[in-house]
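Chemist: Got a structure here, written out as structure tokens. Questions coming.
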Amino acid sequence: MYCIRSVTGDLYWIGGNDRQSTLFESAHPVPRGMSYNSYLLMDEKTVLFDTVDRSIQSQFFENLEHVLDGRRLDYVVIHHMEPDHAATLGDLMLRYPDVVIICSKKAVDMIHQFHCTDSQNIRAVREGDTLETGRHHITFYEAPMVHWPEVLVSYDSTDKLLFSADAFGTFGALNGVLFADEVDFDRDWLDECRRYYTNIVGKYGPQVTSLLKKLSALDLQIICSLHGPVWRKNLDYLLDKYRTWAAYQPEVQGVLIAFASVYGGTETAASILACRLAELGIPVEMHDVSMTHPSYVLSDAFKYSHLVFASTTYNNGIFVTMENLLHDIASHALRGRKVAFIQNGSWAPASAKLMKQLLEPLKDMEFLDQPVTLKSSLAPGQEAELEAMARRLADSVHGVQPQSEEAPAPQKPKGFICKICGYILESDVLPPDFVCPICRRPASDFEPLS
Ligand code: FEO
């Protein structure tokens, strides 16, 4: 049975929701499901705007057949070739062999790659090309890397309506809702919208900014994304969020603490830091990165201005879940955050230096203070170091610059590190006959701490 909603007088939502798949793109948990939107325009010409993910194809084809009600399908516009939208294009062409596919030039190649089809009914369009359907006038705009290189968006100047592809989408099934003004979006949807943006498109901030610039020249009244609700009111709310996210600006001046703790020592230090920050009135969020999927932590890393990473040292490296998170943050090109570290290591703490190495290549990152170093657990009196870190973070959140002329010069660690196992000999001299107590290697395998 069909399940559709009307968007405008002659435009219909004919998509569907997948509530059974646990992961989107085999990577991101979707506990609230996922919507795959498709829209059908019933003008003098009929135009389908994108197909859907294979998970909901039965519902989609029933919807399409119902709304067409015996009319032929003239065009299908493919804004984005990723299979969560275009997986059913091949089946569509079998059912409607005369349909003309409209897409970008790059998408033509992808249609061959994904569907191995001929190109007789494909019309490649470029920036500024138009489609007249009768009452409606549609203009195409290129939006490369929002989220793939072939992406188009299109603008219907009759209804002042934008088909935005992945842009302005969100995780979550629609549950009967079609319009964002039918829900409390800020309370119930924004977190999933931010998680969708940061994980799927977050790497491409400059390209999103470029698209937003193009859109600023258009009179936008309705936005139809390929995921999540349609926007017809308060569009500035969403556009402002996108401007902020695309520019990598934090939404909250506060501290995200992400920690990886094996036996609890690192977690205790992270918790004490969080207490001190809260007492200072600083907004704090915490995630155990071994328990929380990195897509949520990445989203909060975009949200907060200050980030603290606390990790035990593991196999002479960063603990595995923290290393995975930091690679994820680095690959999404987050920038402009202020960062501090807590490290732990029972004999050779090294995670702070290694975590910093992963984040240093990112643009405009500022690293605060020396790390707090634990050896197995917080030593008596060491809570003062966490208090000092909390005060430094609070000052930074409030925009207070450190008084560098009064700050003591950072102490260079003295000692030698075993290149094989990471054991640190705390000493000014390395005896020539020294043997590593851990791996039994000679002094020649040691180097001075830098
Ligand atoms: Fe919703 Fe990039 O696909």
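The values are calculated or read from the model by the stated rules, or taken from the named source; none is laboratory data. The model shown is predicted, which means the values in this text are computed figures rather than measured ones. Every residue, glycine among them, receives a Cβ derived from its backbone with ideal geometry; neighbour counts consider all protein chains shown. Surface accessibility is based on the protein's heavy atoms, side chains included, excluding ligands, DNA and RNA. Shrake-Rupley method; radii C 1.70, N 1.55, O 1.52, S 1.80 Å.
Chemist: Scan the range 1-28 for residues that are over 16 Å from Ile223 (Cβ atoms) and within 16 Å of the ligand (Cβ to nearest atom) and jot them down.
Modeler: Residues satisfying the conditions are Gly16, Asn17, Asp18, Ser21, Leu23, Phe24, Glu25, Ser26, Ala27, His28.
Chemist: Scanning for something modelled with pLDDT of 95 or more and assigned to a strand (DSSP E or B), does the range 326-339 turn up at least one residue?
Modeler: Within the range 326-339 (the criterion being modelled with pLDDT of 95 or more and assigned to a strand (DSSP E or B)), the answer is yes, since at least one residue qualifies.
Chemist: For the subset of the range 29-73 comprising residues that are of a type in the set (Val, Ile, Thr) and in a strand (DSSP E or B), which member is farthest from the ligand (Cβ to nearest atom)?
Modeler: Thr46
Chemist: Restricting to the range 290-317, give me the number of residues that are open to solvent by less than 10 Å² (accessible area, probe 1.4 Å) and not in a helix (DSSP H, G or I).
Modeler: So the answer is 7.
Chemist: Filter the range 222-263 down to the residues that are more than 16 Å from the ligand (Cβ to nearest atom), more than 20 Å from the chain's Cα centre (by Cα) and within 15 Å of Leu190 (Cα to Cα) and list them by number.
Modeler: If the condition is that a residue be more than 16 Å from the ligand (Cβ to nearest atom), more than 20 Å from the chain's Cα centre (by Cα) and within 15 Å of Leu190 (Cα to Cα), then Trp231, Asn234, Leu235, Asp236 are the ones that fit.
Chemist: Quick check on the range 167-185. Is at least one of its residues of a type in the set (A, V, I, L, M), open to solvent by 60 Å² or more (accessible area, probe 1.4 Å) and either part of a helix (DSSP H, G or I) or away from the ligand (no atom under 16 Å from the Cβ) (or both)?
Modeler: No - not one qualifying residue is present in the range 167-185.
Every residue, every condition in (1) within 20 Å of Gly169 (Cα to Cα); (2) charged (D, E, K, R), yes or no:
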| residue | (1), (2) |
| --- | --- |
| Val47 | no, no |
| Ile56 | yes, no |
| Gly70 | no, no |
| Asp74 | no, yes |
| Met93 | no, no |
| Ile102 | no, no |
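Chemist: Could you count how many residues in the range 137-161 are away from the ligand (no atom under 16 Å from the Cβ) and in a loop (DSSP other than H, G, I, E, B)?
Modeler: Residues in the range 137-161 being away from the ligand (no atom under 16 Å from the Cβ) and in a loop (DSSP other than H, G, I, E, B): 4 in total.
Chemist: Read through the list (1) of a type in the set (Gly, Ala, Ser); (2) free of Cβ contacts under 8 Å to residues at least 40 places away in the same chain; (3) away from the ligand (no atom under 16 Å from the Cβ), then give the number of the only condition that Gly134 fails.
Modeler: Going through (1) of a type in the set (Gly, Ala, Ser); (2) free of Cβ contacts under 8 Å to residues at least 40 places away in the same chain; (3) away from the ligand (no atom under 16 Å from the Cβ) one by one, Gly134 breaks only (2).
Chemist: Taking the residues in the range 265-278 that are free of Cβ contacts under 8 Å to residues at least 24 places away in the same chain and over 29 Å from Val30 (Cα atoms) as candidates, determine which candidate is surrounded by the fewest Cβ atoms within 10 Å (Cβ to Cβ).
Modeler: Per the stated criteria, the residue is Ala278.
Chemist: Quick check on my filter: what residues within the range 78-92 are of a type in the set (A, V, I, L, M, F, W, C) and within 15 Å of the ligand (Cβ to nearest atom)?
Modeler: Ile78, Met81, Ala86, Ala87, Leu89
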